[in-house]
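Enquirer: Please see the structure below; I have some questions.
No lab work stands behind these numbers, since they all come straight from the coordinates. Since this is a predicted model, take the numbers as computed values, not measurements. Cβ sites come from the backbone with ideal geometry, for glycine too, and all protein chains shown count toward neighbours.
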Amino acid sequence: MHDTDEAWKLLTEAEAVRDGSGWLTYTFATAPLDPLAVLETLDEPAPRGYFENPSRKRAHAAGKPVIEWQGRGSRRFQAADQWLGKIKSQISSVGGSPRIIATFPFYPGDDKAGMDAKLFLPAWQVVTENELTLVTLAEVASAGCAQRLMGRAEQFRKFTYRSDPPASRAPIPTVLSEVGGTWFPAAVQRATELIKQGAFEKIVLSRAFIWRRNEVFSTYATLHRLRRANSACHTFLVDEPDGVLIGSTPETLLSVFDGEVRTESVAGTTRRGESASEDASLAEALLSSDKDIREHTAVTASILRRLRMVGVVAATTRNQELLRLGNVMHLRSPIVGRMPADRRFLEVAGELHPTPAVGGKPRELALPHIPGFEPHDRGLYTGAVGWVNLDGMTGKLFVALRCARLRGSEARAFAGAGIVAGSDPEAESRETEMKLRTILEALI
């Protein structure tokens, strides 16, 4: 990082080099800031981005775009990466390379239907990692942009939070309205019949529930409750055309830093016990459950195979472990490898998404069946959300789970379950309802 005098010198030089073309970014350290509190205080219009893992002391908030890309189709990840390569040469950065916010819906979409994938360079972003706070500001490289960046930087160095306590929390309704009515048990039964017939090995079916009330839902207060209650998960906010999607997901799709590839297999679920002994008993049952182990093993094998297909070196995992969350526990297998020199972050992410944990197996056989079962649009739910560095080599994408789409006084909450041979409709219904509690108990 640079002191202000050196930063001013470098910024004015960069402005001269750009000569009115492209963009200029400035990254600098500040006194500790809470990215969520910054996002709430500035409260800018969509699109925005927010990602936090409290247990790892990592948080990232980003405001409105200065430049963005939108696209859809089966090659959207490749198209997004090509855009990154194009704008990289048009951006001059002082103090470090900026992050680019990324959102990829579950379905790729086409020219007739679907939601666009998006990348955007934010006008501002605040990142905290291990007690260090970095701010990155971006400006169009027009005359005076260096001066504008220095002035904006001073505002962040002297940032003042807005104190705005939320309204009192409304009680969760006893009964929520489910999109499509009581379709789910029959769908599970039909899916297991298709599995017996050899149509596919696994399919993930999701449910959507609507909560309407008189008061507007508070996005930022809900995020604060989510991060307090789910410190081991990744709390997130991303904007959709029909609202804002917020949640707290337990699953990372892909993380690449310094050439190390990290992902995970998360599949197999049970509830948490009401006592220590019940919790331990449920954990033992999950670890020995034939149905859950088969589901988990299939997801793990598929992820490893796809990593090897794109040349990830020495992709390995260890035996499954328990991932204990507030309401549920899962079987989890961390997966690590090394990024080959000729591959890029979004290229690998596009090969992994969607994993069998949110889609099905084999992917090409299971995915076409999902729209025929589900009476709702997933949008970014079960999609990939996060960020990629401007260099296209590092980044982090999460699977958008345990979430709800907020629009004024309406919340649409999502939860899904993996259907395999032996799945029971009643048990799968209970599993989805357990998963819903994470977001429903946080809504304010």
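Enquirer: Can you find, among Gly259, Gly180, Leu436, the residue sitting farthest towards the positive end of the charge dipole of the chain, where Lys and Arg contribute +1 and Asp and Glu -1 at Cβ?
Expert: Towards the positive end, the residue furthest out is Gly180.
Enquirer: What lysines could a cross-link reach from Lys361, if we take a straight Cα to Cα line under 28 Å and drop same-chain neighbours fewer than 8 places away?
Expert: Partners found: Lys112, Lys118, Lys196, Lys202, Lys291, Lys396, Lys435.
Enquirer: Using the beta-carbon distance between Ala31 and Ala186 and R0 = 45 Å, what value does 1/(1 + (r/R0)^6) give for FRET efficiency, to the nearest 0.05?
Expert: Using R0 = 45 Å, I get an efficiency of 0.20.
Enquirer: Indicate the gyration tensor shape class of segment 197-284 (rounded, prolate or oblate), computed on the Cα atoms with a ≥ b ≥ c the square roots of the eigenvalues: a/c under 1.5 is rounded; otherwise a/b larger than b/c is prolate and the rest oblate.
Expert: Rounded shape, in that the Cα axes give a/c under 1.5.
Enquirer: What residue among Ser206, Ser275, Ser93 has the largest mean-square fluctuation in a Gaussian network model of the chain, using Cα springs under 10 Å?
Expert: Residue with maximal mean-square fluctuation among Ser206, Ser275, Ser93: Ser275.
Enquirer: Something else now. For Lys86, list the aspartates and glutamates whose Cα falls under 17 Å from its own Cα; do not include residues on the same chain fewer than 8 positions away.
Expert: Hits, sequence-local ones excluded: Glu68, Glu347, Asp391.
Enquirer: If you don't mind, there's one more thing I want to ask. Quickly estimate the mean residue ellipticity at 222 nm for the chain, helices only: each DSSP H run with n ≥ 4 gives -39500 (n - 2.57), and the total goes over all residues, rounded to 500.
Expert: Computed mean residue ellipticity for the chain: -9500 deg cm²/dmol.
Enquirer: Would you mind classifying segment 4-157 by shape? Square roots of the alpha carbon gyration tensor eigenvalues, ordered a ≥ b ≥ c; an a/c under 1.5 is rounded, otherwise it is prolate if a/b is larger than b/c and oblate if not.
Expert: Oblate, because a/c is 1.5 or more while a/b does not exceed b/c.
Enquirer: Where in segment 86-112 is the amide nitrogen less than 12 Å from a point lying 7 Å along the Cα-to-Cβ axis of Ser21?
Expert: Hits in segment 86-112 for Ser21 at 12 Å: 89-91.
Enquirer: Roughly speaking, what is the centre-to-centre gap between segment 118-175 and segment 402-444 when only Cα atoms are used, to the nearest Å?
Expert: The two parts, judged by their Cα centres, are 31 Å apart.
Enquirer: A follow-up question, please. Measuring from label point to label point, each 7 Å out along Cα→Cβ, what is the Leu365 to Ser288 span in nm?
Expert: Going by the 7 Å Cα→Cβ label model, 3.2 nm.
Enquirer: Kirkwood Rh over alpha-carbon pairs of the chain, then Stokes-Einstein at 20 °C and 1.002 mPa s: what D in µm² s⁻¹, rounded to an integer?
Expert: 94
Enquirer: Is the shape of segment 227-346 rounded, prolate or oblate, going by the alpha carbon gyration tensor and its root eigenvalues a ≥ b ≥ c, with a/c under 1.5 for rounded and a/b larger than b/c for prolate?
Expert: Oblate.
Enquirer: In debye, nearest 20: dipole of segment 4-157 around its Cα centre with unit charges on the Cβ of K, R (+) and D, E (-)? Each step should come with its number before you reach the end.
Expert: Values: 18 positive and 19 negative charges, 95 e Å.
Charge dipole of segment 4-157: 460 debye, to the nearest 20.
Enquirer: Kirkwood-based Rg over Rh for segment 177-440 (C-alpha set), two decimals?
Expert: So for segment 177-440, dividing Rg by the Kirkwood Rh gives 0.95.
Enquirer: Here is a follow-up. Rg/Rh for segment 1-81 to two decimals, with Rh computed the Kirkwood way over all alpha-carbon pairs.
Expert: Across segment 1-81, the Cα-based Rg/Rh ratio is 1.04.
Enquirer: So what's the angle, to the nearest 10 degrees on a 0 to 90 scale, between helix 76-88 and the longest Cα principal axis of the chain?
Expert: Rounded to the nearest ten degrees, it is 10.
Enquirer: If you don't mind, another one. For segment 289-305 and segment 176-251, what is the separation of their Cα centres, given in Å?
Expert: So the two Cα centres are separated by 22 Å.
Enquirer: Compute the distance in nm between two label points, each set 7 Å from the Cα along the Cα-to-Cβ direction, one at Leu194 and one at Arg157.
Expert: 5.9
Enquirer: Quick one: go through segment 29-62 and flag any residue whose amide nitrogen is under 16 Å from the point 7 Å out along the Cα-to-Cβ line of Val216.
Expert: Backbone N within reach: 40-46.
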